[in-house]
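**Q** Sharing a structure below in structure tokens format, with a few things to ask.
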Amino acid sequence: MRKLAIYFLILTMVAILLQCASVPDTHYYFMEFENQQTPANVTPKYDVSLAVIKFSAKPFYAGSRIAYRENLYEGKHYHYQRWAASPAELFTDKLVGQLRAANLFSQVINGYNYNKSNYRLSGEIEAIEEVDEGEQWFGRVKVTFFLSDVNRNLLLQKTFDKKTLVSQKAPLEIVKSINASAQACVDELIKELDQFFSQK
């Protein structure tokens with residue numbers, strides 16, 4: 001009888017401990033760029049349309065969990081710090097917005113309507129992560145962009161690899177640094193596209 005009482009006491013204590021144990025909240029983060037302001041009634045620089053095809057991502061970066069690396073050889077993911085959607089989807093949406101704001105093209109089209117475009121822009125996210133280098137942390141983004149014509153002939157290929165120092169070792173600051181690196185890649189792409197079409 002005494003053993004049975006001890007057994008139930010242990011079960012009760014375990015149940016209480018399980019109820020008291022707190023599960024950390026899952027935090028979801030978005031990709032946000034500094035908005036460019038397109039002047040009203042300004043004619044686009046080039047009379048061509050560009051379709052942006054949804055980008056892909058390397059398998060390690062394809063999911064919603066934020067990735068980080070403490071060395072060159074091992075990658076990890078945060079469990080409770082996540083992107084609100086896949087990084088490729090978030091990046092593609094922001095890229096479309098930045099291209100429209102840049103006012104280079106008569107039309108920037110989402111990928112699902114790409115048959116109506118003169119040119120197509122696609123790409124792959126090769127890295128989007130926190131990188132720890134000793135006492136310094138960085139938000140890193142590496143993206144390869146492909147510009148092709150309607151016949152799928154490759155016209156331009158560019159890879160940008162950007163790192164931004166994390167000001168404070170906290171999840172939100174890490175995300176801000178990753179965002180800054182992503183925007184730096186897009187800014188470089190826009191310059192390259194401008195140069196490419198200026199020569200046509």
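**Q** Kindly write out, for segment 45-58 in residue order, the coupling ³J(HN,Hα) from the Karplus curve 6.51 cos²θ - 1.76 cosθ + 1.60 (θ = phi - 60°), rounded to whole Hz, with x marking Gly and Pro.
**A** 5, 10, 8, 9, 10, 10, 9, 9, 7, 3, 6, 9, 9, 4
**Q** If each residue of separation counts as 0.36 nm, what is the full-extension length gain between Asp47 and Asp194 once their alpha-carbon separation is subtracted?
**A** Numbers: separation 147, 0.36 × 147 = 52.92 nm, distance 1.24 nm.
So the chain would gain 51.7 nm between Asp47 and Asp194.
**Q** Something else: Using θ = phi - 60° and the Karplus form 6.51 cos²θ - 1.76 cosθ + 1.60, what ³J(HN,Hα) does each residue of segment 154-169 get, whole Hz, x for Gly and Pro?
**A** 6, 10, 7, 9, 9, 10, 10, 10, 10, 10, 10, 5, 7, 6, 8, 7
**Q** What distance in nm separates the simple spin-label points at Gln157 and Ala101, each placed 7 Å from Cα in the Cβ direction?
**A** So the label points at Gln157 and Ala101 sit 3.0 nm apart.
**Q** Of Lys163/Lys200; Lys76/Lys191; Lys45/Lys176; Lys94/Lys158; Lys116/Lys163, which ones are farther than 29 Å apart at the Cα?
**A** Long pairs (Cα-Cα over 29 Å): Lys163/Lys200; Lys76/Lys191; Lys45/Lys176; Lys116/Lys163.
**Q** Using only the alpha carbon atoms of segment 28-198, find the Kirkwood hydrodynamic radius as the inverse mean reciprocal pair distance, in angstroms to one decimal. Please report the intermediate quantities before stating the final value.
**A** Numbers: mean 1/r = 0.0601 Å⁻¹.
Across segment 28-198, the inverse of the average 1/r is 16.6 Å.
**Q** Next up: Tell me which GluC sites (Glu not before Pro) from segment 106-190 have a DSSP coil assignment and no more than 12 other beta carbons within 10 Å of their own.
**A** Taking segment 106-190 and a limit of 12 other Cβ atoms within 10 Å, the loop GluC sites (Glu not before Pro) found are Glu135.
**Q** Something else now. Given H placed 1.01 Å from N in the peptide plane, which residues other than close sequence neighbours of Val108 have an amide H under 5 Å from its amide H?
**A** Leu50
**Q** Go through segment 186-200 residue by residue and turn each phi into a ³J(HN,Hα) via Karplus (6.51, -1.76, 1.60, θ = phi - 60°); whole Hz please, and just put x for glycine and proline.
**A** Going residue by residue, I get 5, 4, 5, 4, 4, 4, 5, 5, 4, 5, 4, 6, 5, 9, 8 Hz, with x marking Gly and Pro.
**Q** Continuing with the same structure: If you stretched the chain out fully between Asn115 and Lys76, how much longer would it get, using 0.36 nm times the residue separation minus the C-alpha to C-alpha distance? Could you put the intermediate results ahead of the total?
**A** Details: separation 39, 0.36 × 39 = 14.04 nm, distance 3.90 nm.
Net length gain for the segment: 10.1 nm.
Computed from the coordinates by the stated procedures, all read-outs in this text should not be read as laboratory data. On a predicted model such as this, the values are computed, not experimentally measured, just so you know. Backbone-built Cβ (ideal geometry, glycine too); neighbour counts: all protein chains shown.
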